[in-house]
Amino acid sequence: MKLNILYEDDAILACVKPCGVPSQGDKSNDKDMITLLKDYLFDKSDSDEEPYLAVIHRLDRPVGGVMIFAKTPEAAATLSDDMQEGNIIKYYQAILTGELPDEAGELVDYLVRDGKTNTAKIAKKGDKGAKKAVLSYEVLDVLETDDGVLSYVLIELETGRHHQIRAQMASRGCGIWGDTKYNPIFARTKRRYMQIGLYSSRIELDHPVTGEHMVFKHEPEGEAFEVIELDEF
């Protein structure tokens, strides 16, 4: 697989994760981004040692887009702290089936992860295991199609909960296009969607060594986004 490396130096690596590829190893034993990138780093190195690489954030398997990795333990620690403190800004673009009530807004929920079904469910504050989930959105376009109304939405993810965007949007009756896990429109289909209408399109962060503010972006691609005419933002 040819890797799309957006940026690389001694501390960090930014690349585009293809839809359908796991962020890191899972029970499927399919090639994941960590393995692919370690192979890439090993092949270009003169050392026989396995290269260090750490995941800073994860993307669900059917979600494509920009990912950031740390190449040293020090960079990993700094970026992990920045992520926890909300200093790394993450934007997603999404195709929703349905229409949100407002053109822009903030969604605040509490989510509980169900390990048995590998899903996140809306809960009440104070419920066991419930974690606050916050995102902001802006509706970029609404389209009437043969398959119903589709909304093209820009999302800023303020917290990084398990399946957060997918669960929060589905709870408003606007599930992600192609999402057989949360969107009832697609849950009934026998087709397996390797891509859903959700894409990590922009990440902003301060470099863990130099402090330089950096922006990495990649416009959405693939079947889910072919139904709309994308605008850069």
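The values are calculated or read from the model by the stated rules, or taken from the named source; none is laboratory data. These numbers come from a predicted model, not from an experiment. Using ideal geometry, Cβ is built from the backbone for each residue, glycine included, and neighbour counts are taken over all protein chains shown.
Listing for the model above:
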quantity	calculated
Residue match in region 132-155 (condition: over 24 Å from E219 (Cβ atoms), modelled with pLDDT of 95 or more and surrounded by fewer than 20 Cβ atoms within 10 Å (Cβ to Cβ))	yes
Candidate set: region 215-229, residues that are surrounded by fewer than 16 Cβ atoms within 10 Å (Cβ to Cβ) and over 15 Å from the mean Cα position of the chain (by Cα); chosen: the one modelled with the lowest pLDDT	E229
Residue among A94, A76 that is in contact with a Gly (Cβ under 7 Å, 6 or more places away or on another chain), of a type outside the set (D, E) and modelled with pLDDT of 95 or more	A94
Residue that is surrounded by the fewest Cβ atoms within 10 Å (Cβ to Cβ), among those in region 46-96 that are among the polar types (S, T, N, Q) and in a helix (DSSP H, G or I)	Q84
Among residues of region 22-45, those that are assigned to a helix (DSSP H, G or I) and not aromatic (F, W, Y), counted	9
Subset of region 156-172 [assigned to a helix (DSSP H, G or I) and either surrounded by fewer than 20 Cβ atoms within 10 Å (Cβ to Cβ) or at positive phi (or both)]	S171
Region 177-206, residues that are crowded, with 22+ Cβ neighbours inside 10 Å and touching a Phe, Trp or Tyr at 6+ places or on another chain (Cβ under 7 Å)	G178, D179, I196, G197, L198, Y199, S200, S201, I203
Residue among P51, P73, P62 that is within 30 Å of I5 (Cα to Cα) and touching an Asp or Glu at 6+ places or on another chain (Cβ under 8 Å)	P62
Lone qualifier among L100, L111 - being closer than 13 Å to S171 by Cβ and either surrounded by 22 or more Cβ atoms within 10 Å (Cβ to Cβ) or free of Cβ contacts under 8 Å to residues at least 60 places away in the same chain (or both)	L111
Residue in region 190-211 that is more than 27 Å from N87 (Cα to Cα) and touching a Lys or Arg at 6+ places or on another chain (Cβ under 7 Å) present	no
Filter result for the condition that a residue is touching a strand residue (DSSP E or B) at 6+ places or on another chain (Cβ under 7 Å) and under 30 Å from I12 (Cα atoms), over V108, V134, V112	V134
